[in-house]
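Structure first, then comments.
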Amino acid sequence: MSGRYACIILDFDGTFTDVEREAVPFLARYREGLAALIGRDLDDAWGRAVAAVESDLDAHGFEFDGRIVAPSHADPYILATSVARLVLAEDGEGHDVDAALEQLFRDSYGCADTAFRPDADQVVQAVLEMDAPVYVVTNSNTEHVKKKIRALSGDALSRLRDVRGDAKKFHLVDPDAADPRFDALFDAVPEALEVEGLSRPLFLRRGRYFETLRDIWTETGTEPAQTLVCGDIFELDLALPAQLGATVHLVTRPNTPGWERRAVERAGGTWSERLTGLLEHL
């Protein structure tokens, strides 16, 4: 076991990748798709929407069922979604906005580049040497993430316990199936947290993500208190595991808001600007 951790769960995009670099071709394809959807040049509408988001970052974000579930500026992918939502609203053509945004993302994600943080391979190899099962749990498509892991390190994929993609960390729903071992844990999770420095609620009851975590704990015979979860967006990756009792580590970027760092510290976790900070924690 790695210290007191019997299970290690890692996010991937943004945590191990240089998300600003890899998103450049994604954004080009995304904007092309959005322009085709509204049937006109996008530049003016995109600029107005970017200005609106940047003028009040907390009022915008990635939405599920009408509630914001991730910060608008968390990464380029979420920023594109936040901006596109405003563009479609301004267009006023009766779009099924949620369906359109999901399709735009799926059509564009395959165009994303593969670019890693400079210390990604070092950290992956070091974590895999530890005597604990290591999982990747990500919102991204499973096969796309596996392809990136292969590009990062030839043997890392075979040494991981598993890659769980399409984790739906943003779904604010109850779990589908009951599990007596873990039901009480989820039942005790409050609907939302009020976080200092964030002017909206941070919603916690993310049942699909919980199901993935629960499945991992069942497979490994472990529990939250023995688990370390590492990610780059507190709200998506870390808030629920921390509430369930896991230890969390946040890998930041220059635009990570201060409230995320403070929230991690209040949850008893740690944060670092470099991915190697995870190894220092371990």
**Report entry** Mean Cα-pair separation over length for the chain, i.e. relative contact order, pairs under 8 Å, 6 or more apart, %
**Finding:** 22 percent
Report summary line: Quick calc: nm separation of the 7 Å Cα→Cβ label points for residue 159 and residue 177 -> 3.2 nm
Requested in this report: Could you grab the relative contact order for region 88-235? Cα pairs under 8 Å, six or more apart, rounded to a whole percent.
Outcome: 17 percent
Report summary line: Taking Cα atoms, the helix 207-220 axis meets the longest principal axis of the chain at an angle in degrees (rounded to 10) of 20 degrees
Report task. Mind giving me the FRET efficiency for residue 97 and residue 125? R0 is 41 Å, r the Cβ-Cβ distance, nearest 0.05 is fine. Result -> 0.45
Query raised in the report: How compact and how long is region 142-201, expressed as Rg and Dmax of its alpha-carbon atoms in Å?
Result: 17.4, 44
Requested in this report: Given the options 113, 166, 187, state which has the largest fluctuation in a GNM of the chain using a 10 Å cut-off (strictly under) for Cα springs.
Outcome: 187
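When only C-alpha pairs under 8 Å and at least 6 residues apart count, what is the relative contact order of region 22-115, in percent?
Reported as a whole number, the value is 40 percent.
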Requested in this report: Place +1 on the Cβ of every Lys and Arg and -1 on the Cβ of every Asp and Glu in the chain, take the dipole about the Cα centre, and give the residue among 156, 135, 243 whose Cα lies farthest towards its positive end.
Outcome: 156
Query raised in the report: ³J(HN,Hα) across region 100-113 via Karplus (A = 6.51, B = -1.76, C = 1.60, θ = phi - 60°), whole Hz, x for Gly/Pro?
Result: 5, 5, 5, 5, 4, 5, 4, 5, 9, 4, x, 7, 4, 6
Requested in this report: With a 1.4 Å probe and all protein chains in place, put 252, 114 in order of accessible area, largest first.
Outcome: 114, 252
Requested in this report: With everything on Cα atoms, drop me the angle between helix 142-152 and the longest principal axis of the chain, reported from 0 to 90° to the nearest 10.
Outcome: 70 degrees
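Order 229-236, 46-53 from most to least packed using the mean count of other Cβ atoms within 10 Å. Intermediate results must be reported in sequence, preceding the final value.
On the way: 229-236: 26.5, 46-53: 15.8.
The packing order, highest mean first, is 229-236, 46-53.
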Query - Integer Hz, Karplus 6.51/-1.76/1.60 couplings in order for region 265-282, x for Gly and Pro - result: 5, 5, 7, x, x, 10, 9, 8, 7, 9, 5, 4, x, 4, 5, 4, 5, 5
Query - Cβ-based net charge around residue 214, under 9 Å, with every Lys or Arg adding one and every Asp or Glu removing one - result: -2
Report task. Please calculate how many Å² of accessible area the chain carries per residue, with a 1.4 Å probe and no DNA, RNA or ligand atoms counted. Result -> 42 Å²
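The values are calculated or read from the model by the stated rules, or taken from the named source; none is laboratory data. Fair warning: this is a prediction, and the values are worked out from it, not measured in the lab. Methodologically, a virtual Cβ is constructed for each residue, glycine included, from the backbone with ideal geometry; neighbour enumeration extends over all protein chains shown. Just so you know, the surface numbers come from the protein's heavy atoms only, side chains and all, with ligands and any DNA or RNA stripped out. Shrake-Rupley method; radii C 1.70, N 1.55, O 1.52, S 1.80 Å.
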